[in-house]
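Let me begin by presenting the structure, written as structure tokens, before commenting on it.
Every number in this text was worked out from the coordinates using simple rules, so none of it is lab data. Since we're looking at a predicted model, the values are computed, not measured. For neighbour counting, all protein chains shown are included, and Cβ atoms are generated from backbone atoms with ideal geometry for every residue, glycine included.
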Amino acid sequence: MSDVTAPEQPQEVTPTRGPRIRATRDLGIVVFLVGIFAALAIAAPSFRTSGNLSNIVNQMSMQGIAACGATLTIVSGGFDLSQGSVYAFCAILSVMLVHTFGVLGAFVIAVLAGLGLGAINGAIIALGRVNSFIATLATSYVFLGFATVITQGNVATTSNQNFMVMNNTYGLTVASWVFIAIAVLLGILLAYTRFGRGLYAIGGNPEAARLSGINISFYRIAVFSISGACAGAAGIIAASQAGSADSSIGSTLALLAIASSVVGGVSILGGQGAVWRAVVGALILELINNGFVLLNLNPVYEDVVFGLLVLLAVGMDQLLRRRRT
Amino acid sequence: MLELQNIEKAYGPARVLDGVTLLARPGQIHAVLGENGAGKSTLVKIAAGLVRPDAGLVAVNGDPLKAFTPRAAREAGVEIVTQELTSVPARTVLENVFLGHRVVAVGSVQRSKHARQRFAEVCEECGFSLPGDAIAADLSIADRQILEVLRCLIRRPKVLILDEPTSSLDEERAHRLRVLLRRLSDAGTTVLFISHFLNEVLETADWVTVLRDGRLISSGPTEEETEASLINKMVGRTLSVLYAPKTLPPAEAETVLEANDIWWGSAVRGVSLHVRRGEIVGLAGLIGAGRSEFARCLVGAAKPDRGTVRIAGGPPIRPRNPRRAISAGLVMVPEDRKQQGLVLGRSVAENLALSKPQTSGHLGFALPRRLEDAARDWIRRADIRPASPAAVVGELSGGNQQKVLLSKWLACGPKILIVDEPTRGVDVGAKAAIHEMLAQAAASGVGVLLISSELEELLGLAHRIVVFRKGEVVDEVEGEASERERIMTAAFGAAGMGADE
């Protein structure tokens with residue numbers, strides 16, 4: 001590093017490209033959503049009915065809640081693959097406990113169980129220094145095993161009519177309102193609090209975060225607990241809407257939650273993203289699902305479209321990152 | 001024969017090599033010398049095809065390299081042992097030695113008789129031997145260094161380049177390596193090596209080239225040089241940024257940082273020092289002398305094996321994590337702003353607020369607008385450009401990134417500020433601004449510990465300079481320009497002065 005090379009001009013920064021790219025990136029996915037929405041509205045008259053629209057929100061509430069939780073973990077630089085198992089476990093738990101503790105008691109205990117399972121994930125990852133992908137892959141089998149054990153492989157059912165409260169409708173179903181409430185709460189937590197800024201920092205540069213005095217272990221445990229609680233809440237909705245639960249119900253949830261976040265524009269590399277993106281991503285996937293039904297398309301192609309969409313989203317993320325250097 | 005002609009290389013605004021020409025003849029042991037950052041390592045990496053120069057020519061025995069790739073250089077007969085160990089830790093010695101070699105096309109290297117025989121021959125010839133079946137990761141650092149050398153020799157290179165080959169070897173093995181280099185050169189190999197040990201250069205090399213600030217200073221037979229003449233050439237007289245006169249801290253200023261007998265592995269060996277209020281203490285030394293490791297121990301980024309730190313008159317503590325140090329008023333601007341300092345994908349405002357929880361109220365709730373308002377003040381004070389709190393830090397120039405990083409820590413209101421290489425790779429304007437910020441911080445009563453590999457910077461800013469060598473404090477001098485050579489002598493460990501153990 002020399003003093004002698006002095007007379008060079010101090011390098012001028014050219015900030016123009018960055019913000020423009022970010023703006024495109026911010027809006028791109030929303031434009032895409034509006035596009036799908038408009039296309040469906042034109043192509044399928046039944047799409048526009050308020051019944052169908054509220055049905056969409058109701059349908060997506062479970063994966064939407066899971067995706068909001070997943071977004072927090074992904075932003076902090078981790079993955080939670082155990083959400084599906086936690087979901088099934090909590091669903092079963094709520095069904096089995098409703099006789100003893102009543103509806104509210106069963107729900108509260110089930111969410112706390114989800115939180116606890118998430119905390120176990122977080123502790124393994126933070127204190128045991130295990131990669132989150134592997135740790136939650138392993139615990140997903142363990143948790144699913146627990147779920148199978150407590151039902152002994154059967155479907156848990158209840159005849160308590162009050163248990164199916166999530167189907168009640170106040171404009172939207174209770175399940176939808178729960179989803180909206182969780183999305184808003186987590187959205188505020190991530191965007192406007194010190195905790196949220198800490199998550200971005202840990203995901204963006206863990207060493208810098210550590211040297212800045214951020215307690216990384218605490219954050220990791222907290223974020224996986226939240227993810228577990230979200231999966232638990234989603235599981236309760238599933239159980240409540242069906243009046244029953246078995247250990248197979250969550251098999252696709254964890255990956256669907258990650259896919260929703262990524263399609264919405266949350267970066268899988270961590271440090272970038274927002275809860276509203278997960279909601280948009282989940283909505284897009286749900287609209288595609290809805291479109292296939294309404295337009296009478298052959299559902300065998302649905303997974304192909306899903307997959308291509310995820311690829312497109314990840315490709316965009318990589319491209320934008322590379323340009324920024 | 002290795003020829004390098006008019007090699008130029010710049011990383012962003014920092015010019016590393018500026019038209020360097022070097023000629024190493026067959027049978028010659030050619031040493032390359034220079035201060036930290038003089039461009040030595042970059043130069044030899046270019047010769048081995050690891051780095052592509054911006055301009056210039058590399059030729060082996062008169063034939064220019066076809067491309068600046070490791071493969072092209074290797075085909076031309078150039079082999080290099082870099083400073084970074086490049087063996088594959090999980091594989092065996094044999095597999096590492098024959099990595100990328102064509103001896104065994106199909107099947108296990110481990111079972112190839114031919115490979116084993118060839119390996120045994122090379123071990124025999126060079127006088128070093130390693131167990132062929134040992135896993136590389138299980139070897140000591142010294143043995144891994146030997147492994148790198150064996151890996152080069154297996155290909156019978158025409159040109160062998162070694163970047164600080166003896167720095168991790170004990171005296172006995174270092175001696176054997178020097179004997180080996182002599183034997184290779186007698187057999188006609190061109191040997192080019194970088195070393196920080198002047199006595200080693202004088203004893204081993206036939207020819208010595210000195211670089212300074214990316215330029216060729218001299219190239220001539222070793223007989224004509226002495227330790228003093230070499231140091232003189234390395235240091236030279238550089239035109240520099242102007243430094244304002246230093247404000248001395250008042251004589252009664254109390255001690256704000258006291259480190260007592262800090263040990264960390266083999267990198268930091270019993271270092272004690274103190275910093276007073278308003279004082280700038282510089283840490284001089286070569287790269288790898290343990291200065292950064294020492295600083296990391298002070299703030300608890302690394303946990304020292306032994307020793308205590310007293311912060312701002314508090315009780316002596318063994319640092320454990322950065323959180324405790326920060327709340328006591330001790331902060332560190334780390335060496336590598338991209339890896340350790342900044343969250344590159346986030347905004348200036350967020351980065352500024354990262355280590356300063358008090359910017360926001362209860363529960364840390366804060367609208368981005370409020371963070372941005374808080375950031376505007378620092379953007380103005382440090383003249384960060386573009387002057388936008390929402391700008392993404394990764395899109396700023398190196399100098400502005402460094403200003404953000406420094407501001408982030410000054411915003412915590414520290415009592416002691418440690419800065420590690422604060423102006424590495426930044427342009428001249430930003431450099432002056434950063435110096436100004438450091439001087440101001442000291443003038444306002446902050447104790448500053450400044451680590452820099454640039455002697456000019458230390459002399460220009462520090463009131464007192466502590467010299468490190470091999471993890472120990474070897475000298476302490478006033479921050480006067482006249483001490484330049486004494487510092488270099490102590491840092492290089494030249495005979496006579498300095499090494500007063």
For the range B:377-418, what is the per residue volume of the convex hull drawn over the alpha-carbon atoms, in cubic angstrom?
71 Å³
Compactness of the range B:378-501 as Cα Rg over 2.2 N^0.38 Å, two decimals
1.20
Relative to chain B, whose Cα atoms define the longest principal axis, helix B:113-126 and its Cα axis are tilted in degrees, nearest 10, by 80 degrees
Could you let me know the centre-to-centre spacing of the range B:281-310 and the range A:74-106, using Cα atoms, in angstrom?
48 Å
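Using only the alpha carbon atoms of chain A, find the Kirkwood hydrodynamic radius as the inverse mean reciprocal pair distance, in angstroms to one decimal.
Evaluated on chain A, it is 20.8 Å.
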The range B:2-235 - percent relative contact order, Cα under 8 Å, separation 6 or more:
29 percent
Compute the distance in nm between two label points, each set 7 Å from the Cα along the Cα-to-Cβ direction, one at A:VAL184 and one at B:ASP261.
6.2 nm
Starting from the alpha-carbon convex hull of the range A:39-178, give the projected area averaged over all orientations, in nm².
10.8 nm²
Quickly rank B:164-177, A:41-54, A:302-315 as a protection proxy: mean count of other C-beta atoms within 10 Å, highest first.
B:164-177, A:302-315, A:41-54
Projected area averaged over all directions for the convex hull of the alpha carbon atoms of the range B:175-273, nm², comes out at 11.2 nm²
When DSSP assigns beta bridges and you keep just the ones with both residues in chain B, what percent turn out antiparallel, to the nearest 5?
55 percent
Rounded to the nearest Å, what's the spacing between the alpha carbon centres of the range A:129-161 and the range B:429-458? Just the number, please.
57 Å
Cα-based helix-to-principal-axis angle, B:398-410 vs chain B, degrees rounded to 10:
50 degrees
So, with points 7 Å from each Cα along the Cβ direction, the B:GLU172-A:LEU112 label distance in nm works out to 6.6 nm
For B:GLN339 and B:GLU472, calculate 0.36 nm times their separation in residues minus their Cα-Cα distance, and state this gained length in nm to one decimal.
45.2 nm
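Given a cut-off of under 8 Å on Cα pairs at least six residues apart, what relative contact order in percent is computed for the range A:263-325?
Result for the range A:263-325 is 35 percent.
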Where in the range A:254-280 does the amide nitrogen come within less than 19 Å of the point 7 Å from the Cα of B:ALA390, taken along Cα to Cβ?
A:272-277
Please report, to two decimal places, log10 I(q)/I(0) for the protein assembly as shown at q = 0.11 Å⁻¹ as given by the Debye formula with identical point scatterers on the Cα atoms and no solvent.
-1.26
Counting only helical runs of four or more DSSP H residues, what would the 222 nm mean residue ellipticity of chain A come to if each run contributes -39,500 (n - 2.57) and the total is spread over all its residues?
-25000 deg cm²/dmol
Please work out how much length the chain gains when fully extended from A:ILE134 to A:SER54, using 0.36 nm per residue of separation minus the C-alpha to C-alpha distance, in nm with one decimal.
25.1 nm
Gain in span if fully extended, B:ALA481 to B:ILE287, counting 0.36 nm per residue against the direct Cα distance
67.7 nm
Would you mind checking the radius of gyration and Dmax of the range B:90-188 based on alpha-carbon positions, in Å?
13.3, 40
Working from Cα positions, state the angle (0 to 90°, nearest 10) between the long axis of helix B:368-382 and the longest principal axis of chain B.
80 degrees
Take each complete run of DSSP H in chain A, measure how far its Cα atoms stretch along the helix's own axis, and keep only those covering 24 Å or more with mean Kyte-Doolittle hydropathy at least 0.0; list them.
A:17-43, A:50-75, A:83-127, A:132-151, A:174-192, A:216-242, A:275-294, A:302-324
Considering every residue in B:392-402, what mean count of other chain Cβ atoms within 10 Å of its Cβ is obtained?
4
Inter-label distance for B:LYS66 and B:ASP305, nm, one decimal - labels placed 7 Å from Cα along Cα-to-Cβ
5.0 nm
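Give the calculated FRET efficiency between A:ASN298 and B:ALA251 to the nearest 0.05, with a Förster radius of 60 Å applied to their Cβ-Cβ distance.
Once the sixth-power term is evaluated, E becomes 0.10.
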What does the highest-first list of B:388-396, B:123-131, B:185-193, B:61-69 look like by mean Cβ count within 10 Å?
B:388-396, B:185-193, B:123-131, B:61-69
Counting partner chain Cβ atoms within 10 Å of every residue's Cβ in A:190-197, what's the average?
6
With N residues in chain B, Rg(alpha-carbon) / (2.2 N^0.38 Å) equals 1.06
Any idea what diffusion coefficient the range B:2-235 gets from Stokes-Einstein, in µm²/s, Kirkwood Rh on alpha carbon pairs, 4 °C, 1.567 mPa s?
71 µm²/s
